[in-house]
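Structure first, then comments.
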Amino acid sequence: MSYIVIKEAGCKGCSYCVLACPRKLIGIDQSRINNLGYNPAVFTNNDAAPCTGCALCAEICPEVLIEVYRKRKKAGGRK
């Protein structure tokens, strides 16, 4: 399972990451405003369609505020 971390304090709410996510796991939080005066993007993982770690959101972010983490699979007994 993968997940992302968005540095919300620097987010300008451009929504590029929202549009780029094929699983629709990113949204704009309309209930909060960051220190820059913008509604930041937030990650909402969905167990039915979890994050695949494709990193499209990180690639498109103009402020480079998204980090992608992928859980490594354990070795299957190969020597």
Keeping to the range 1-35, report how many residues are out of contact with any Cys (no Cβ under 7 Å at 6 or more places or on another chain), among the hydrophobic types (A, V, I, L, M, F, W, C) and buried (at least 16 other Cβ atoms within 10 Å of the Cβ). 4
Just the residues that are modelled with pLDDT of 95 or more and exposed (fewer than 13 other Cβ atoms within 10 Å of the Cβ), please, taken from the range 37-56. 37
Consider residue 69 carefully, then state whether it is loosely packed, with under 13 Cβ neighbours inside 10 Å, not in a loop (DSSP other than H, G, I, E, B) and not β-branched (Val, Ile, Thr). yes
Looking at the range 11-65 only, could you name the residues that are in a loop (DSSP other than H, G, I, E, B), farther than 19 Å from residue 1 by Cα and under 11 Å from the mean Cα position of the chain (by Cα)? 61, 65
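The values are calculated or read from the model by the stated rules, or taken from the named source; none is laboratory data. Computed from a predicted model, the values in this text were never measured in an experiment. As a convention, Cβ positions derive from the backbone with ideal geometry for all residues, glycine included, and neighbour counts pool all protein chains shown.
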